[in-house]
Amino acid sequence: MRLHLRTRSSILLYLFLAMDVTFIILHIIYTYTGLISNASFSIEQDRGYAEIFQYFKEYWSVLLLGLLALRARSLLYLIWSLLFFYLLLDDSLQIHETLGMYISAKLNFSGLFNLRAQDFGELAVSISVSLFFLVCISIAYYFSDRFSKKTSRYLIKALCFLALFGIVVDMVHIMVKSPPLYSLLGLIEDGGENVVMSIIVCFIFSLSKGLPQKVTQKDRFAGYSTDS
């Protein structure tokens, strides 16, 4: 059964990555050739085709983690589900952009290194939200079983890569003024986010049959071993 699930997860990952590569190619054609005039084919376009596909992946991450939380009675999985729910809302409703603008105006941020005051406000929002979820995950992690802890370590690493593209590359993208490099960094930023999110949702999908069937309360506090 687990081998069958791994096969299905691999197929799903290949399909998702193929879609990501397709959107990247369409973006390149749109940006550099003019053969496509519809801006929805741009990977940087808000609510474009690539971004809607990203919403789809985030939605399924929320749903699958929520189901895992119910099945395993795990607070840790629930917090992960809420984290991805925030990412979905943030991408679709532009929460950190809106709050960043408000905070930068209220605190009188100033621009620096080609970054706008709003950019620093957005960075403050992203860091604050990240710290909040990090604290919540750390507390739930302490009381979780070994399988959930191992899963969380993988998710944390994946989120670091997501932050690398979504925050670090994004800031560099804004700072750069050279048009060719600006376009390239935009492609790296959004393309990288899409690929990482595909890996994450497929990893979460692969967990659905990997959970231990019965974990006692004693096991949860002692650290349940799934290797046996």
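The values are calculated or read from the model by the stated rules, or taken from the named source; none is laboratory data. What you see is a predicted model; the values in this text were computed from it and never measured. Don't worry about glycine lacking a Cβ; one is built from the backbone with ideal geometry, like all the others, and counts go over all protein chains shown.
Pairing each residue of segment 165-186 that is among the polar types (S, T, N, Q) with any residue that is surrounded by 15 or more Cβ atoms within 10 Å (Cβ to Cβ), provided the two are 6+ apart or on different chains, yields C-beta distances under 7 Å for 183/31.
Residues in segment 104-133 that are surrounded by fewer than 16 Cβ atoms within 10 Å (Cβ to Cβ) and modelled with pLDDT under 90: 105, 106, 107, 108, 110, 111, 112, 113, 114. A single entry from 168, 201, 196, 215 fulfils the requirement of being crowded, with 18+ Cβ neighbours inside 10 Å, among the β-branched types (Val, Ile, Thr) and modelled with pLDDT under 95: 215.
Residues checked against (1) surrounded by fewer than 15 Cβ atoms within 10 Å (Cβ to Cβ); (2) over 12 Å from the mean Cα position of the chain (by Cα):
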| site | (1), (2) |
| --- | --- |
| 45 | no, yes |
| 59 | no, no |
| 77 | no, yes |
| 86 | no, no |
| 102 | yes, yes |
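Would you mind stating whether residue 32 is of a type outside the set (A, V, I, L, M, F, W, C) and under 18 Å from the mean Cα position of the chain (by Cα)? In short, no.
Note on segment 101-130: residues that are of a type in the set (S, T, N, Q) and not in a helix (DSSP H, G or I) total 3. When restricted to residues that are among the β-branched types (Val, Ile, Thr) and either in a loop (DSSP other than H, G, I, E, B) or surrounded by 16 or more Cβ atoms within 10 Å (Cβ to Cβ) (or both), segment 90-100 contains 1. Among the residues of segment 90-118, what is the count of those that are of a type outside the set (Gly, Ala, Ser) and farther than 26 Å from residue 57 by Cβ? Selection size over segment 90-118: 13.
What residue, among those in segment 187-212 that are in contact (Cβ under 8 Å) with a residue 24 or more places away in the chain and of a type in the set (Val, Ile, Thr), is farthest from residue 122 (Cα to Cα)?
204
If you go through segment 24-35 and keep only what is touching a Ser or Thr at 6+ places or on another chain (Cβ under 9 Å) and surrounded by fewer than 21 Cβ atoms within 10 Å (Cβ to Cβ), you end up with 26, 31, 32.
Could you say whether any residue in segment 2-25 is in a helix (DSSP H, G or I), under 21 Å from residue 202 (Cα atoms), basic (Lys, Arg) and at pLDDT 95 or above? Show your work before the answer.
Just the residues of segment 2-25 that are in a helix (DSSP H, G or I), to begin with: 2-25.
If we keep only those that are under 21 Å from residue 202 (Cα atoms) as well, we get 2-24.
Subsequent filtering for residues that are basic (Lys, Arg) retains 2, 6, 8.
Filter once more, so that each one left must be at pLDDT 95 or above: none.
No, segment 2-25 contains no residue that is in a helix (DSSP H, G or I), under 21 Å from residue 202 (Cα atoms), basic (Lys, Arg) and at pLDDT 95 or above.
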